[in-house]
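The values are calculated or read from the model by the stated rules, or taken from the named source; none is laboratory data. Bear in mind that the values here come from a model prediction, so they are computed numbers and not experimental data. So basically every Cβ, Gly included, is an ideal-geometry build from the backbone, and we count neighbours across all protein chains shown. Accessible surface areas use protein heavy atoms only, side chains included; no ligands, DNA or RNA. Shrake-Rupley method; radii C 1.70, N 1.55, O 1.52, S 1.80 Å.
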Amino acid sequence: MNSEQLFGMALGLHTPWQVEAIEFMPGTAGGEELHLTLGFVRGSRFADASGQACPVHDTVKRTWQHLNFFEHACHLHCQVPRIKTREGRVETVPVPWARPGSGFTLLFEALAMALIEREMPVKRVAEMLRVNPQRIWTVFNHWVCEARKRDDPSSITRLGVDETSSRKGHEYITIGVDMDAGRLIHAVPGKGKETIKAIGEYLASQEVKPGQITEVSMDMSPSFIAGVGEIFPKARVTFDRFHVVKLLNEAMDKLRKLEQKECALLKGNKYLFLRDWDNLTDTRRLKLAGLMDMYPTIGHAYQLKVLFNEIWQLPSRESAEAHLKEWMQEVEKAAIQPFMHFAKTVKAHWSGDRALLRLTPDQRRP
């Protein structure tokens, strides 16, 4: 078995495709590049769209960038056959190692997409693969569009909505997620009521009727609440655990900042008070206990924070509601302003037809 046959096996080539030449040539960026010339067996016929075997009419030269061969950049070259169909049309034969119109092999694109899926920035992917970032964006956009064409959200009943920064500054996107399948459904620039409308319009274009959405999980944004009430009038609203805990931690940190104006030892201990007791080392626990003894107000607030978070382990909605009522009474007695504000926010979103704080089993799970 010669090297051409070995490279053919490595590329997954099957008859009539074959490796015809292997060359190491000087590269444009220094060093050597590996160039493989591919071809097909003379006299081969190729199927058209209807499956009819057609003879080769002529060929066109194509080049693709492949995965590096050790430290060498690798390129594939081929005189791609064109066939003349029964109808007289001349069509280029699709090659098995690359998609039509791409300057990369499928394996190259698969590696690029795998790196992006692992949250590597596109610019860094381009640096690793030694190509212009815009070419990686083109690959990314192609496969995302292909995935969206094949996507079928018709079975969705539980919708998750959240906003996130698209880049530094105040530029946001709002995403819609299938809560049961755990996958992205649609993403919309911006945040607020209009983004809910846009998600609803996309679902409608996929033949998902508004009444099919029985539950929407989101944060406590008034614009989100208004948007869901208008677009998905039959859906129950669930305010998710992440955003509730985020507001609780903001209350804890606001109190710490107020207290540290007179208590210098509290400065620089933000995360000591935000982390759960079980997630602290013995040394950190000892330090936290000491600060709580020295400053009773912040110590009481931390206990209220711990007490509130016990709600996520309770077995039923009834027990969670009873726990929450008792917790609010404790907050009222403590009269700690940031926690009173947090309790007021929870209470405002707990009762009412469109603003019920629902605690479903999957949301209580840590």
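Taking the criterion of being surrounded by fewer than 18 Cβ atoms within 10 Å (Cβ to Cβ) and over 19 Å from CYS145 (Cβ atoms), the residues of the range 98-114 that qualify are LEU107, LEU111. Only one of the listed residues (ASP219, ASP253) is modelled with pLDDT of 90 or more and either surrounded by fewer than 21 Cβ atoms within 10 Å (Cβ to Cβ) or acidic (Asp, Glu) (or both). That residue is ASP253.
Only one of the listed residues (VAL80, VAL19) is touching a Gly at 6+ places or on another chain (Cβ under 6 Å) and aliphatic (A, V, I, L, M). That residue is VAL19. Selection of the range 20-37 for residues being within 25 Å of ASN132 (Cα to Cα), in contact with a Phe, Trp or Tyr (Cβ under 7 Å, 6 or more places away or on another chain) and not charged (D, E, K, R) yields LEU34, LEU36. Within the set PHE69, PHE104, PHE40, PHE7, the sole residue that is under 40 Å from the mean Cα position of the chain (by Cα), of a type outside the set (Ser, Thr, Tyr) and farther than 24 Å from PRO133 by Cβ turns out to be PHE7.
When ASP178 is tested against the conditions (1) open to solvent by 50 Å² or more (accessible area, probe 1.4 Å); (2) closer than 20 Å to ALA204 by Cα, the lone failure is (1).
From the list SER3, SER44, the one residue that fits, being polar (S, T, N, Q) and surrounded by 11 or more Cβ atoms within 10 Å (Cβ to Cβ), is SER44.
Does any residue of the range 279-289 turn out to be more than 19 Å from PRO338 (Cα to Cα) and surrounded by 17 or more Cβ atoms within 10 Å (Cβ to Cβ)? Yes: one or more hits. Residues of the range 310-349 that are within 25 Å of LEU266 (Cα to Cα) and surrounded by 18 or more Cβ atoms within 10 Å (Cβ to Cβ): VAL331, ILE336, PRO338, PHE339, PHE342, ALA343.
Looking only at residues in the range 182-207 that are more than 16 Å from ILE156 (Cβ to Cβ) and either of a type in the set (Ser, Thr, Tyr) or open to solvent by 50 Å² or more (accessible area, probe 1.4 Å) (or both), the one that is modelled with the lowest pLDDT is LYS191. The single condition among (1) buried (at least 18 other Cβ atoms within 10 Å of the Cβ); (2) more than 20 Å from GLY27 (Cβ to Cβ) that VAL131 does not satisfy is (2).
What is the residue count in the range 84-122 for residues that are touching a His at 6+ places or on another chain (Cβ under 6 Å), of a type in the set (A, V, I, L, M) and touching a residue at least 40 places away in the same chain (Cβ under 8 Å)? Within the range 84-122, residues that are touching a His at 6+ places or on another chain (Cβ under 6 Å), of a type in the set (A, V, I, L, M) and touching a residue at least 40 places away in the same chain (Cβ under 8 Å) number 0. When the range 24-35 is limited to residues that are surrounded by 12 or more Cβ atoms within 10 Å (Cβ to Cβ) and out of contact with any Asp or Glu (no Cβ under 8 Å at 6 or more places or on another chain), the one that is modelled with the lowest pLDDT turns out to be GLU32.
None of PHE24, PHE46, PHE69 is aromatic (Phe, Trp, Tyr) and within 23 Å of ALA126 (Cα to Cα) except PHE69. Of the helices (runs of 4 or more DSSP H) lying entirely inside the range 247-344, the ones with 1 or more residues being aromatic (Phe, Trp, Tyr) and farther than 25 Å from SER221 by Cα are found at 270-274, 296-309.
Evaluate the range 233-241: report whether one residue or more is modelled with pLDDT of 90 or more, open to solvent by 30 Å² or more (accessible area, probe 1.4 Å), outside any helix (DSSP H, G or I) and not charged (D, E, K, R). Scanning the range 233-241 turns up at least one residue that is modelled with pLDDT of 90 or more, open to solvent by 30 Å² or more (accessible area, probe 1.4 Å), outside any helix (DSSP H, G or I) and not charged (D, E, K, R). Output the residue which, of all residues in the range 14-49 that are part of a strand (DSSP E or B) and β-branched (Val, Ile, Thr), is farthest from ALA73 (Cα to Cα). Among residues in the range 14-49 that are part of a strand (DSSP E or B) and β-branched (Val, Ile, Thr), the one farthest from ALA73 (Cα to Cα) is VAL19. Residue count for the range 254-295 satisfying the condition of being in contact (Cβ under 8 Å) with a residue 24 or more places away in the chain and not acidic (Asp, Glu): 13. Taking the criterion of being free of Cβ contacts under 8 Å to residues at least 40 places away in the same chain and either more than 22 Å from SER155 (Cα to Cα) or assigned to a loop (DSSP other than H, G, I, E, B) (or both), the residues of the range 208-232 that qualify are LYS209, PRO222, SER223, ALA226.
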